[in-house]
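Only one structure is covered here, and it is reproduced in the block below.
The values are calculated or read from the model by the stated rules, or taken from the named source; none is laboratory data. No experiment lies behind these values; they were computed from the predicted model shown. Using ideal geometry, Cβ is built from the backbone for each residue, glycine included, and neighbour counts are taken over all protein chains shown. We work out accessible area using only protein heavy atoms, side chains counted, and drop any ligands, DNA or RNA first. Shrake-Rupley method; radii C 1.70, N 1.55, O 1.52, S 1.80 Å.
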Amino acid sequence: GLELSHCVGANSLGPAVPWRSGGPCKMKRVRTVFKPEQLERLEQEFLKQQYMVGTERVDLAATLHLTETQVKVWFQNRRIKWRKQSMEQKAAKLSQFGVTQPATADLTDIKDHEEDTVDVEL
């Protein structure tokens, strides 16, 4: 199951903390902490292929004792990290030659157009 943190409610010492919309107190999901062995295997799989789908994702999740959603979100976030690193390396190479990139070629523009920018699990 998913670990959830308790929302501070009316009977507690502090005010109610709304989580998104739809009620005074929803449970907020605690961020997954991956074990080093899990991260190593996820990185190995990412080097082979940047998209993990279907039975491959199910099998990998079972092998690592994770949920399919955790694996899916890890791959989504890892692709974003890879794109950001690629953009930074490209900018560094261009700056060596005195070429500057226009301000509009910002990483936020990329994020706005990518469907797989997920920072939290659902």
Would you list, by chain and number, the lysines whose Cα falls below 27 Å from the Cα of LYS48, excluding same-chain residues fewer than 8 positions away? LYS35, LYS72, LYS81, LYS84, LYS90, LYS93, LYS111
Over the alpha-carbon set of the stretch 36-95, divide Rg by the Kirkwood Rh and report the Rg/Rh ratio to two decimals. 1.09
Just the accessible area for LYS93, please: 1.4 Å probe, Å², rounded to the nearest 10? 130 Å²
Might you tell me the accessible area per residue for the stretch 36-95, computed with a 1.4 Å probe and given in Å²? 64 Å²
Rough spin-label spacing in nm, given labels placed 7 Å along Cα→Cβ, for GLN89 and GLN44: 2.2 nm
Would you kindly find the accessible area of VAL53, with a 1.4 Å probe and non-protein molecules such as ligands, DNA and RNA excluded, rounding to the nearest 10 Å²? 90 Å²
